[in-house]
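Q: A single structure is presented below for examination.
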Amino acid sequence: MVALLNSTMPILGIPSSFLQKPISLPALSCFRNNGDVSGLHEQRLEVNKNEDISKSLSDDGQNVKHDNIWQLFREAQQNILYLNNQRLGAIEELNKIKKEKQSILDKIKKLEAVKQESADKLSICSELLLRIDSMVLGNVISLAEASDFRSLVLHHKVSVADVFNVISHKRDSELVGELRHFSDQSKKNGFHIIHICTEMTPLVSRGSVASYVTGIARALQRKGHLAEVILPKYACLDLDEVQGLREVNVEVYSYFNGQLHGNRIWTGVVYGVGVTLIEPLDHSSFFSREMIYGYPDDFERFSYFCRASLDYIVKCGKQPDILHLHNWETAIVAPLFWDVFVNKGLGGTRILLTIHNFNSQGTEQPDKLALCGLDPSSLHCPDRLQDNTNTQLVNILKGGVVYSNRVVIMSSIHPKHAIIRNLSNELEPTLNVHGDKLSVAPYGFEKSTWDPQTDYFLPENFNAENMNGKAVCKVALLQRLGLSEHSSTILVGCSFSEGADIDEKKMKDIVLNAKKHDVQFIFMETSERPDLNQALESLHMEFKDDDNIKFVRSYDEALSHLLFAGSDSILCRSFHDPTDETPLKALRYGAVPIAVDSDSHTNRNFINHDQEATKYSKLINNTFGNMSLGLAIDELVCSFWCFFLFKFCSMI
């Protein structure tokens, strides 16, 4: 039967697939809505009706769901496009930052390479000279041969640096052989200067001497001279910047208080300058203290060091052209040299004394001169070391003036006659007698470090011919400290360092008067002195709610450079600023220097015709000497001032 059905179904036109699926029919129930008609027909109608309603509802739901899905899709698509645009913008900004960063890194690398190349050559020469000294002390070479080797290094710095580029690991015998092979006995054409001093940046700094010694030593070496520095080995020395620091394995003896005392010698190179450190063994307490000045036995400490320095120079066979002394602490070298050492192979040496200030002159009892080998009876007289005021004492600074061949007085704004008459602290008679050998020099700074044309701390460099970079620096400074960016607003920078005495009332008056002109101020704190911090703290509390005044509570080297480059004017404690040389830096960076003590009621049209005044002091006194900040604000036109200042600075 099944076979028969299967064979007949196609003939009937019914698809065979129908036979493979069960047919579900709605369940039927027999009931009558009326008495005589079956309910089957009504049931089928209800089923069809329900199916139509369900289908209609389903279609409506599907349409709503479909619309919702498309709406979500469109929103998601818009979000994706927005995020993609944001991502592309971020990538573009990141690439821009990366390019700027790489450009800055390349610039820094280039500057450091140039700086390192120069420093490396100077360092090699200085290290080689110090090795020559140690070989003399160890009796490896004679004094005469050492002198020839020094002449060789001085005359052939570049070629010597190329040949002797690695010497730290060479034995003395090997190094001597190479020096002898290289020697050509050339004629010396530069000066050999040895600074005997008590400070040097960055090893130890308490005033203007430190930066001056480092700056002038580096400047002299760049001009082809040989400069060295001899310092006490203080316990507080910062030795991180000393290259090739080594102890010489030979004690050097020096005379003090009737006996010979041993000293340990250390040598190294700082910024390409050879440095020798003298460490007393028997009097180790002299320089193992917290401070470097201010002790009752300062005369004993520094007279010991001065005598030890001269004994060391003679022991090494050095024959410098100039011994450069600084302030009273090393001024005793001058009488020691002429009374004791001139006939010990130093007949061609001359003495230069630089006086950084007259406030401390080293007065002492005459009999203490004998400690270092001087004769008190011959020196305690009016034309030598006797103090001009208290004749019972000797004056060491006076002795330095009397016994030196040349004397340089550091002053940025005062001419020689004014210094002698008003600032010499009772040394006027002595300075008048020796006036012919006196000179006045302004304070300076390391121009290679503070130069807006090459300063790698600046976002853009500038000079007198192209001032665009200064405007960029101003905006960068304002952005960094969160000040409102208005290029037309005058920006005044102020940076006071250690040693600066701040007139708190005067500073407040200056700020209050300037606020009428919407001037912006930036105060940078650079000192650890509590009294200075207290003065700035008082200013901070007074103006802490002023949005146009910012206080930087810790020193930042990069920000310090940006402060000078971005400011229109720089407030200075005074124009006589030996520590930071703030007025000169301001001029260098196209900012108007204003002294805090300037009197706004003084006539500005004062012309200084003093022929003894330096070019710098004439400009400062004639142009800015009587200018208050209020006058500067009224007259300041940045482009004119910067051009004028740069033109001046290019000449100094």
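The values are calculated or read from the model by the stated rules, or taken from the named source; none is laboratory data. Please read all numbers here as calculations on a predicted model, not as lab measurements. Positions of Cβ are backbone-derived with ideal geometry, glycine not excepted, and every protein chain shown enters the neighbour counts.
Q: Could you please let me know if Glu241 is over 23 Å from the mean Cα position of the chain (by Cα) and free of Cβ contacts under 8 Å to residues at least 60 places away in the same chain?
A: So Glu241 fails the test.
Q: Can you tell me which of Leu226, Leu239 is over 19 Å from Arg150 (Cβ atoms) and aliphatic (A, V, I, L, M)?
A: Going through Leu226, Leu239 in turn, the sole match is Leu239.
Q: Hey, another quick one. Please verify whether the range 435-449 includes one or more residues that are modelled with pLDDT under 90 and either farther than 20 Å from Ser411 by Cβ or touching a Cys at 6+ places or on another chain (Cβ under 6 Å) (or both).
A: Yes, that holds for at least one residue.
Q: Okay, next question. If we only count strands (runs of 3 or more DSSP E) wholly inside the range 197-271, which ones have 2 or more residues that are among the acidic types (Asp, Glu) and more than 24 Å from Leu584 (Cα to Cα)?
A: 243-256
Q: In addition: Looking at (1) touching a Ser or Thr at 6+ places or on another chain (Cβ under 9 Å); (2) surrounded by fewer than 20 Cβ atoms within 10 Å (Cβ to Cβ), can you tell me which one Arg307 breaks?
A: (2)
Q: Enumerate the pairs (first residue in the range 532-549 and more than 11 Å from Lys508 (Cα to Cα) and assigned by TED's automatic domain parsing to the domain that holds His486; second residue anywhere and of a type in the set (A, V, I, L, M, F, W, C) and at pLDDT 80 or above) with beta-carbon separation below 6 Å, excluding pairs fewer than 6 apart on the same chain, so at least 6 apart or on different chains.
A: Correct list of pairs: Ile549/Phe521; Ile549/Phe543.
Q: Any residue in the range 367-389 that is touching a residue at least 60 places away in the same chain (Cβ under 8 Å), outside any helix (DSSP H, G or I) and farther than 21 Å from Val209 by Cα?
A: Checking the range 367-389: at least one residue is touching a residue at least 60 places away in the same chain (Cβ under 8 Å), outside any helix (DSSP H, G or I) and farther than 21 Å from Val209 by Cα.
Q: Could you please give the count of residues in the range 390-413 that are in contact with a Pro (Cβ under 8 Å, 6 or more places away or on another chain), crowded, with 22+ Cβ neighbours inside 10 Å and free of Cβ contacts under 8 Å to residues at least 40 places away in the same chain?
A: Of the residues in the range 390-413, 1 are in contact with a Pro (Cβ under 8 Å, 6 or more places away or on another chain), crowded, with 22+ Cβ neighbours inside 10 Å and free of Cβ contacts under 8 Å to residues at least 40 places away in the same chain.
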